[in-house]
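Just below is one structure, and these are the notes that go with it.
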Amino acid sequence: MATVATTPTLPIDALPKRPNALWQFVKSQPLGMIGLLIIAVYVAFAFAARWIAPFDPEAIDFAAMLTRPGETHWFGTDQYGRDVFSRIVYGARTALAVGILSALSGCTLGALLGAASGYFGGRVDNAIQRAVDIMLSFPIIVLAMVGIDLNLIAAITLPILPRMARVARASTLSIIAMPFIDAARAAGFSHGRIILRHITPNIVAPYLIMVSASMAQAILLEASLSFLGLGVTEPTPAWGLMLSGTSADFYQTAPWMILFPGVAITLAVFAFNLFGDSLRDWLDPKLKS
């Protein structure tokens with residue numbers, strides 16, 4: 001009887017174990033983990049706001065106007081008697097929704113334009129880069145105001161797009177100089193296949209870094225536009241809107257109306273910047289020892 005050759009197997013303990021990416025990130029980037037934990041708290045606020053917030057964030061109670069922080073109202077109340085802590089918790093929904101959608105849309109569109117600009121070169125590159133130059137010549141807040149007639153997401157997407165386009169173009173130019181791109185062209189692969197199969201996977205790292213960094217910028221822009229009365233409108237809880245509703249009379253009589261929304265914005269921007277910087281250091285092989 002013929003014998004069938006079998007491949008020897010190793011015991012499970014002897015098999016190589018796949019490294020845990022999260023654990024490697026924690027060990028090598030402890031500051032980034034702090035930023036990630038702060039982000040996780042905001043995400044928990046956004047998803048569990050109904051159970052975390054002790055009061056309805058839109059409920060007006062003139063009997064509790066300008067109540068100081070205490071046991072009942074942890075962060076005090078505003079000029080309409082609304083609980084500040086509840087509005088900050090619900091405001092995390094607005095900040096994260098606008099930040100995530102704006103960062104993803106801006107970075108995705110910017111990455112596509114940047115990859116096309118770097119890959120095709122010539123007139124395509126010149127046209128895209130001149131458009132990017134025009135967009136970058138405007139101050140960020142002014143560029144955001146240009147798109148405010150469409151919607152808030154589009155307004156914040158505009159300042160993010162040209163910066164991602166520049167990063168994607170630079171990465172694409174370094175990739176197309178590699179021998180495997182010449183080999184793909186010699187094999188007769190289409191432009192679309194080369195961009196999707198060979199260029200796009202190699203710009204994932206800078207894309208992720210730009211998304212995390214752009215979220216901080218998007219949150220700050222949303223707060224700025226809401227503060228100016230161009231973003232979220234009453235009675236929707238939003239951190240920038242909470243700051244815009246504090247007149248000069250409240251700066252001394254009710255400082256908690258300014259302090260707590262300002263701290264919420266600062267911590268969110270700080271957390272995303274910290275996480276983005278750590279992610280860049282972790283993904284960049286040149287910075288690894």
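The values are calculated or read from the model by the stated rules, or taken from the named source; none is laboratory data. Being a predicted model, the structure only gives us computed values, none of them experimental. As a convention, Cβ positions derive from the backbone with ideal geometry for all residues, glycine included, and neighbour counts pool all protein chains shown. Accessible surface areas use protein heavy atoms only, side chains included; no ligands, DNA or RNA. Shrake-Rupley method; radii C 1.70, N 1.55, O 1.52, S 1.80 Å.
Descriptive notes on the structure:
- With eigenvalues of the C-alpha gyration tensor scaled by 5 and rooted, region 89-175, Å: 27, 15, 9
- At an R0 of 30 angstrom, the distance between the Cβ atoms of Ile34 and Ile258 translates into a FRET efficiency of 0.75.
- Top of Phe25, Phe260, Phe180 by mean-square fluctuation, Gaussian network on the chain, Cα under 10 Å: Phe180
- Point-to-point label distance, Leu283-Ala177, nm (Cα→Cβ direction, 7 Å offset): 2.1
- Of Ile156, Val142, Ile209, farthest towards positive along the dipole that unit charges on Lys, Arg, Asp, Glu beta carbons give region 121-261: Ile209
- Computed accessible area, Tyr251, all protein chains, 1.4 angstrom probe, square angstrom: 120
- Bins of 10 Å, starting at 0 and running to the largest distance - Cα pair percent for region 182-280: 14, 28, 21, 15, 11, 7, 2, 0
- Coarse-grained scattering of the chain at q = 0.08, 0.10, 0.12 Å⁻¹, given as base-10 log I(q)/I(0) from a Debye sum over alpha-carbon atoms: -0.48, -0.68, -0.87
- Label-reachable residues, region 44-58, where backbone N falls under 16 Å from a point 7 Å from Leu267's Cα toward its Cβ: 44-49, 52-54
- For region 154-164, putting each phi into the Karplus relation 6.51 cos²θ - 1.76 cosθ + 1.60 with θ = phi - 60° gives couplings of 5, 4, 7, 5, 4, x, 7, 4, x, 5, 5 Hz, in residue order, rounded to whole numbers and with x for Gly and Pro.
- Estimated FRET transfer efficiency when R0 is 41 angstrom, pair Thr236-Arg130 (beta carbons, to 0.05): 0.60
- Each of Phe120, Cys107, Phe75 was scored by the projection of its Cα onto the charge dipole of region 58-126, and the greatest displacement toward the positive side belongs to Phe120; charges sit on the C-beta of Lys, Arg, Asp and Glu.
- Estimated FRET transfer efficiency (Val41, Met65; beta-carbon r; R0 25 Å; 0.05): 0.30
- Region 50-132: translational diffusion in µm²/s, Stokes-Einstein, Kirkwood Rh over Cα pairs, 10 °C, 1.306 mPa s: 99
- Projected label points at Tyr80 and Trp51, each 7 Å from Cα along the beta carbon direction, are separated by 2.8 nanometres.
- Part-to-part distance (alpha-carbon centres) for region 102-157 and region 34-84, which is given in Å: 36
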